Amino acid sequence: MDQALPVRRVVRVRHELRRRELHVAAVDQLSPGFLAITFSGDSLADFVSDSFDDHVKFLLPDARGELVGRDYTPRRFDRAARSLTIEFAMHGEGHVDRWARQARVGQQVTVGGPRGSMIVPTDYAWHLLAGDTSALPAIARRLEELPSEAHALVIVEAGEPDRRMLSSSARLELQWVGSTGDLLSAVRGLSLPDGEGFAWAAGEAAAMASLRQVLLQEKHHPREAMRVAAYWKRGALAHHQNLDD
């Protein structure tokens with residue numbers, strides 16, 4: 001297996017950080033555990049999201065009137081329509097989760113960012129995408145971006161109700177698993193294809209730390225060609241950490 005990557009091909013760019021006042025334009029139930037909410041507003045005219053794992057800060061006032069921010073992936077953006085879609089996982093009882101459950105067309109919200117983008121070229125011979133349900137929006141977006149000559153290996157930890165159709169022009173090998181242990185076992189059991197590949201994973205902090213070690217120490221995958229992120233941490237209200245930084 002050829003794993004030689006002489007240089008880091010990922011490009012990181014910064015964006016002007018600003019807040020945008022938007023309104024809810026549509027609410028769609030994707031599965032029992034996911035809502036897709038589309039926001040609109042003229043302030044999206046200069047919105048930029050260059051990477052599938054970008055995150056915006058969704059801001060809502062708490063009981064004291066102070067803005068509480070949570071990170072979410074921009075799932076879909078249409079500049080011409082001035083619309084931004086974000087998928088919300090309905091598995092928690094946090095402030096934003098409660099808001100999303102009652103979201104109605106016309107409600108006003110504030111969204112900040114993205115602060116920057118990590119642009120991963122689509123011309124890698126293969127792409128490993130792994131994670132739990134928190135990673136599903138980013139995985140779905142990436143699969144839609146990949147060209148037909150790409151090979152996508154996807155492993156997602158999700159309960160039966162949240163397993164959905166994922167579409168891609170790439171050659172897709174998809175595994176659904178039911179637990180963190182199964183996720184790690186599935187990655188450990190992979191035979192990574194030949195050629196240059198990029199490994200991306202996101203999910204719960206402890207699980208992602210273990211998965212990163214599997215990729216580095218057992219699969220001997222170069223750190224220059226991977227991105228592993230903790231999108232949440234068990235017991236923490238808000239957590240987002242890039243484990244490769």
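Apart from one condition, ALA201 fits all of (1) in contact with a helix residue (DSSP H, G or I) (Cβ under 7 Å, 6 or more places away or on another chain); (2) part of a loop (DSSP other than H, G, I, E, B); (3) surrounded by 14 or more Cβ atoms within 10 Å (Cβ to Cβ); the exception is (2). Flag set for SER179, criterion: over 16 Å from the mean Cα position of the chain (by Cα) and within 19 Å of ALA205 (Cα to Cα).
Restricted to the stretch 23-56, and to residues there that are in contact with a helix residue (DSSP H, G or I) (Cβ under 7 Å, 6 or more places away or on another chain) and buried (at least 20 other Cβ atoms within 10 Å of the Cβ), the residue that is nearest to ARG104 (Cα to Cα) is ILE37. Taking the stretch 104-152 as the range and being of a type in the set (Val, Ile, Thr) and outside any loop (DSSP other than H, G, I, E, B) as the test, the residues that pass are VAL109, THR110, VAL111, ILE119, THR133, ILE139. For ALA125, the criteria (1) under 15 Å from the mean Cα position of the chain (by Cα); (2) in contact (Cβ under 8 Å) with a residue 40 or more places away in the chain; (3) in the same structural domain as GLY195 (by TED's automatic domain parsing) hold in every case but one, which is (1). Here the condition is being of a type in the set (D, E, K, R) and in contact with a Ser or Thr (Cβ under 8 Å, 6 or more places away or on another chain); of ASP54, ASP78, it holds for ASP54 alone.
When the residues of the stretch 182-205 are filtered to those that are of a type in the set (Gly, Ala, Ser) and within 17 Å of the chain's Cα centre (by Cα), the one that is nearest to LEU153 (Cα to Cα) is ALA199. Filter the stretch 63-117 for residues that are within 13 Å of ILE37 (Cβ to Cβ) and of a type in the set (Asp, Glu); which is nearest to the chain's Cα centre (by Cα)? Among them, the one singled out is GLU87.
The values are calculated or read from the model by the stated rules, or taken from the named source; none is laboratory data. Predicted model only: the values in this text are computed from it and were never measured. Positions of Cβ are backbone-derived with ideal geometry, glycine not excepted, and every protein chain shown enters the neighbour counts.
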